[in-house]
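What follows is a set of notes on a single structure, which appears directly below.
The values are calculated or read from the model by the stated rules, or taken from the named source; none is laboratory data. Just so you know, these numbers come straight off a predicted model, no measurement behind them. All Cβ positions, even for glycine, are placed from backbone atoms using ideal geometry, and neighbour counts span all protein chains on display.
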Amino acid sequence: MNARPIVIIFVFLLLLLITAGCMQTTPPATPTITAVETTSTEAPTPPPTTLSLTPGPTQTLPEVWGLEIQVQSNGVAIDPLIIVSCQGGKGLNFIQQIDVKVTRSDGVVETDVITKPLYKGKEVSLRGTTAPGYRDRAEVWATTPQGDKVKIFDDYVAFRTYH
């Protein structure tokens, strides 16, 4: 048996392999963006400083994006927390994130975010107040797949409730 045709085929395939590696094209370089600093003679407009402890209207998510949220105080006097937890719903896979804002009765505002992946029991804890008669306001927004924020909860959260 003659080995010459096998060697020729092997060399031919080897040349094809080498030239295939040399023929790769490199992607075009992306231009770098440089920041241009601008100066303005106008003073920046400060954000509004009014705090509202009065709950406002809420919206309902469409049924296919439904989400159950639980908002409660831990009732511990030495470390008062307001706990916002995700309790499930059809929207667990669709809602992008859950934004939480607590406006305490002493005027302090705290925020936090529950990020994906969402699952039953995922929660955030924010500081609360304990003084008798004080009520903290909790607001919860869900971000839809289109990027819209929908306020799904806005109410007072009492430090302790007695039944």
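State which residue is nearest to the chain's Cα centre (by Cα) when the search covers only the stretch 67-86 and only residues that are part of a loop (DSSP other than H, G, I, E, B) and surrounded by 13 or more Cβ atoms within 10 Å (Cβ to Cβ).
Our first condition is that a residue be part of a loop (DSSP other than H, G, I, E, B); within the stretch 67-86, this holds for 67-68, 74-80.
Then keep just the ones that are surrounded by 13 or more Cβ atoms within 10 Å (Cβ to Cβ); that gives 67-68, 74-75, 80.
Working: Leu67: 15, Glu68: 17, Asn74: 24, Gly75: 27, Pro80: 25 Å.
Looking at the filtered set, the residue picked out is Leu67.
Surrounded by 10 or more Cβ atoms within 10 Å (Cβ to Cβ), modelled with pLDDT under 70 and either of a type outside the set (Lys, Arg) or in contact with a strand residue (DSSP E or B) (Cβ under 7 Å, 6 or more places away or on another chain) (or both): does that describe Leu61? Show your work before the answer.
Numbers: surrounded by 10 or more Cβ atoms within 10 Å (Cβ to Cβ): yes; modelled with pLDDT under 70: no; either of a type outside the set (Lys, Arg) or in contact with a strand residue (DSSP E or B) (Cβ under 7 Å, 6 or more places away or on another chain) (or both): yes.
In short, no.
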Query raised in the report: Can you name the strands (runs of 3 or more DSSP E) wholly within the stretch 91-146 that have at least 1 residues being more than 25 Å from Asp79 (Cβ to Cβ)?
Result: 97-103, 135-143
Query raised in the report: Residues in the stretch 152-162 that are buried (at least 16 other Cβ atoms within 10 Å of the Cβ) and either modelled with pLDDT of 90 or more or part of a loop (DSSP other than H, G, I, E, B) (or both): how many?
Result: 4
Requested in this report: Tell me, please, whether a residue that is modelled with pLDDT of 80 or more and not in a loop (DSSP other than H, G, I, E, B) can be found in the stretch 16-23.
Outcome: no
Requested in this report: Could you tell me whether the stretch 50-58 includes any residue that is outside any strand (DSSP E or B), closer than 11 Å to Val140 by Cβ and of a type outside the set (D, E, K, R)?
Outcome: yes
